[in-house]
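Just below is one structure, and these are the notes that go with it.
The values are calculated or read from the model by the stated rules, or taken from the named source; none is laboratory data. Quick caveat: nothing in here was measured; it's all calculated off a predicted structure. A quick note on method: Cβ atoms are made from the backbone with ideal geometry, for glycine too, and the neighbour counts reach across all protein chains shown.
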Amino acid sequence: MNEPGALKAISSPLPFTTKAEAVYGELRRRILSGVLEPSAPLNQEALAPEFGVSVTPVREAVRRLEAEGLVRFQAHKTVVVAPLSLDELREIYDIRLTLDPYAASLATTKATDAELAEIEQRARAPLSDDPLRQVALNHAFHRCIYSCSANTLLTEILDRLWERTDRYRVVLVSRDVEVLAAAREHVEIADAMRSRKARTVARLVRGHIANARSQIENALR
């Protein structure tokens, strides 16, 4: 007969993560929070013992971060945290100024009432004092809109663009005035979507993206 404690352990399994995923999560947190500053070198051999793993999971994590544009390889071996770049920011937001309004207009016509209610709930979510948490809340709102567009490829493209600009948005959400303005814009967008006004939604989203771009550019200058 199994002991009661064993049955309890089986009924509540611990969440599983690979070593590479754990290293990736911690390195990404350090980069986004600024613990690892732009252009700072990453010594993979030194990081392995710090995380208590072999160098292989570290290399896997670094490759994933490279795909997200958060680190760069120099001379094939040296790894550095990607520097912040106004040119990169502008390129990404040029694309988002077209794709975000399109995704939102699609979602306005295709989303169910329940999905629109979820978008509204996310728009009205309480703000967080933690910049990384606030970036995650902002992403959750926009990601919900993307997924309701019913266009998988469009959602994947926009997800990648978000990943490339997380560090830039951390700069923005560290400023209370901009956070409050963005939150109000989220509510306006959600309200227009509930009214099924696709053109209005596209206009509001385009203005929302343009405002974010302008504010981040000003913060980086």
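Details
- Considering the range 63-102, and only residues there that are β-branched (Val, Ile, Thr) and either within 30 Å of residue 145 (Cα to Cα) or touching a residue at least 40 places away in the same chain (Cβ under 8 Å) (or both), the residue that is surrounded by the fewest Cβ atoms within 10 Å (Cβ to Cβ) turns out to be 98.
- Within the option set 134, 121, being closer than 18 Å to residue 189 by Cβ, at pLDDT below 95 and in the same structural domain as residue 172 (by TED's automatic domain parsing) holds for one residue only, 134.
- When each of 182, 210 is tested for being at pLDDT 90 or above and crowded, with 17+ Cβ neighbours inside 10 Å, the lone residue that passes is 182.
- Taking first residues from the range 170-198 that are on the phi > 0 side of the Ramachandran plot and partners that are at pLDDT 95 or above and surrounded by 15 or more Cβ atoms within 10 Å (Cβ to Cβ), the Cβ contacts under 7 Å between residues at least 6 apart in sequence or on separate chains come to 196/108.
- Test: residue in the range 140-150 that is closer than 21 Å to residue 86 by Cβ and among the charged types (D, E, K, R): no
- Test result for residue 170, surrounded by fewer than 17 Cβ atoms within 10 Å (Cβ to Cβ), of a type in the set (Val, Ile, Thr) and farther than 15 Å from residue 186 by Cα: no
- Selection status of residue 187, buried (at least 16 other Cβ atoms within 10 Å of the Cβ), farther than 27 Å from residue 31 by Cα, outside the structural domain of residue 39 (by TED's automatic domain parsing) and modelled with pLDDT of 95 or more: no
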